[in-house]
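Data block below; observations after.
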Amino acid sequence: MGNSTVPQASPDSIAIRNLPIQQRIDWLMEHARRYAQVYQSPESFLARERYSAKHDTAIIALKCMDGRLNLSVATNTPPGIIQPIRNLGGRFDMGWPHFGEVMTDQIQQMVRHGRRTLILMNYHYSKGDQHRGCAGWGYNTDAARDHALRTKRQVEEVFGSAHSTVYPLVCGFETDEDALVLHGSNHRDTLDLSTVSAQDLASLPASLSRLYPDMPEEMQEDLLPLVQGNIAHIEEVRKNDRTLEIVHHEWMIGIGRGFHWLHMPNLALIIGPHSPELADPLSKAGGIIAANMRDDRIPDDGFLLLSVAPYQEVGVDRARATLKSRFMAEFAAHIIRSDHAKIADKINIRKAVLSWHTRALELIV
């Protein structure tokens with residue numbers, strides 16, 4: 001299953017981010033509408049069902065809010081397969097009340113359906129320039145990697161270290177080429193997918209088996225398409241001039257959950273509501289937007305702050321999501337205005353709820 005069933009970032013994405021802010025927002029809302037329309041189509045529904053029947057492993061990605069990190073795009077994976085959970089620097093702690101509950105609920109739901117779960121724990125860096133790496137870790141890749149390994153140990157503490165049902169996998173993301181670096185069960189053993197040639201493709205199953213001898217065979221088979229997709233994506237990246245895409249160009253801050261419909265890199269800084277301390281990532285996101293304006297990477301006429309809260313059912317659940325979205329927007333706007341006075345009057349706030357079943361995004365007041 002390819003990505004042809006969903007709207008993609010257009011080749012004039014540079015032109016889009018240089019539009020006046022209201023036109024950018026209009027374009028984004030239309031993109032969300034088209035995504036939901038395609039998601040609900042019979043062809044897309046059957047394609048997702050076919051993919052899930054063939055690849056039964058559920059995939060969760062823990063990653064940074066950095067807009068350059070889009071695992072679905074980087075692995076040529078259909079939207080909706082990889083479930084992203086974002087926070088500043090990819091910092092997570094299973095002891096956080098909300099995050100721990102979200103993770104446990106998702107995994108237990110998969111278990112009830114007889115499915116295993118693969119958790120990709122991402123850290124990111126740039127091989128070309130240290131300061132194109134993760135600002136959330138002060139560009140310290142070793143610290144980011146060590147934290148991902150710590151989170152892996154926490155997941156094992158909660159869900160078991162035999163890995164028969166839940167497999168935590170530490171994964172580097174090199175942003176210059178969107179290349180994944182897979183850390184094996186012995187984290188010192190790695191597979192840098194930017195070094196894999198076409199001649200090595202046939203040996204990939206054996207390579208994964210050596211890296212993850214404790215990973216169930218079915219899960220290895222479901223990991224393989226992501227690996228193959230990333231290798232193909234790297235090859236395409238190398239054919240194009242990436243000069244403008246390897247640095248920050250985000251013009252939107254998203255807070256909440258339910259941003260799968262974006263499915264494009266370097267557009268938004270997305271902050272999940274998982275950490276008990278949201279002020280710091282919001283302030284850093286505001287700083288990145290301010291820097292993008294200052295350095296003429298985006299127009300300085302405004303940026304978008306979009307809060308999204310998903311719901312499963314109409315009625316009580318949707319009403320709760322409405323209140324949550326309003327609160328997150330107000331809280332985020334207060335932090336950004338307080339910490340970044342120069343862009344305080346440039347905030348364009350939109351609040352929305354999203355139906356998990358239809359992926360329809362609905363703006364609220």
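The values are calculated or read from the model by the stated rules, or taken from the named source; none is laboratory data. Note that the structure is a prediction, hence the values are computed from the model and not measured. Positions of Cβ are generated from backbone atoms using ideal geometry, with glycine treated the same way; all protein chains shown enter the neighbour counts. Each accessible area value is taken on the protein alone, full model and side chains, heavy atoms only, with ligands, DNA and RNA left out. Shrake-Rupley method; radii C 1.70, N 1.55, O 1.52, S 1.80 Å.
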>> So if I place +1 on the C-beta of Lys and Arg and -1 on the C-beta of Asp and Glu, and nothing else carries charge, what would the dipole magnitude of the chain be about its Cα centre? I want it in debye, nearest 20.
In response: 740 debye
>> Given a Förster distance of 35 Å, report the FRET efficiency between Lys239 and Asp56 from their Cβ-Cβ distance, rounded to the nearest 0.05.
In response: 0.55
> What's the percent breakdown of Cα-Cα distances in the chain across 20 Å bins, shortest bin first?
Replying inline: 30, 62, 8
>> If R₀ is 22 angstrom, what is the calculated FRET efficiency for the pair Arg320 and Ala279, using the beta carbon separation as r and rounding to 0.05?
In response: 0.45
> How do Val166, Val316 stack up against each other in accessible area, from largest to smallest, with a 1.4 angstrom probe?
Replying inline: Val316, Val166
>> With a 1.4 Å probe and all protein chains left in place, how much of the accessible area of the stretch 54-239 comes from carbon and sulfur atoms, in whole percent?
In response: 46 percent
> Quick one: putting +1 on the C-beta of Lys and Arg, -1 on the C-beta of Asp and Glu, what dipole do you get for the stretch 29-113 around its Cα centre, in Debye to the nearest 20?
Replying inline: 200 debye
> When Lys and Arg each count +1 and Asp and Glu each count -1, what net charge do the other residues less than 12 Å away from Ser41, Cβ to Cβ, add up to?
Replying inline: +2
> Of Thr175, Thr195, which has the most accessible area with a 1.4 Å probe, and how do the rest follow in descending order?
Replying inline: Thr195, Thr175
> Can you give me the relative contact order of the stretch 54-239 as a percent, contacts being Cα pairs under 8 Å and 6 or more apart?
Replying inline: 24 percent
> Taking amide H positions as placed 1.01 Å from N in the peptide plane, with prolines and chain starts having none, which residues 5 or more places from Ala179, or on another chain, fall under 5 Å of its amide H?
Replying inline: Glu174
> Tell me, what ³J(HN,Hα) does each residue in the stretch 88-95 have, in order and in whole Hz, if you take phi through Karplus 6.51 cos²θ - 1.76 cosθ + 1.60 with θ = phi - 60° and put x for Gly and Pro?
Replying inline: 3, x, x, 7, 9, 9, 5, x
> D for the stretch 252-363, whole µm²/s, Stokes-Einstein with Kirkwood Rh over alpha-carbon pairs at 20 °C and 1.002 mPa s: what number?
Replying inline: 149 µm²/s
> What order do His131, His98, His147 take when sorted by accessible area (1.4 Å probe), most exposed first?
Replying inline: His131, His98, His147
> Over 32 Å between Cα atoms, which of Lys152/Lys324; Lys54/Lys284; Lys54/Lys152; Lys63/Lys239; Lys152/Lys351 qualify?
Replying inline: Lys54/Lys284; Lys152/Lys351
> So for the pair Glu217, Thr190, with labels modelled 7 Å out along Cα→Cβ, what separation do we get in nm?
Replying inline: 3.1 nm
> Taking a probe of 1.4 Å, how large is the accessible area per residue of the chain, in Å²?
Replying inline: 43 Å²
> Put +1 on the Cβ of each Lys and Arg and -1 on the Cβ of each Asp and Glu in the chain; which of Leu88, Ser338, Leu226 then has its Cα farthest toward the positive end of the dipole?
Replying inline: Ser338
> Using a 1.4 angstrom probe and counting only protein chains, how large is the accessible area of Tyr311 in Å², to 10?
Replying inline: 30 Å²
> Quick one: which of 216-222, 297-303 comes out on top by average Cβ neighbours within 10 Å, and what's the full order, highest first?
Replying inline: 297-303, 216-222
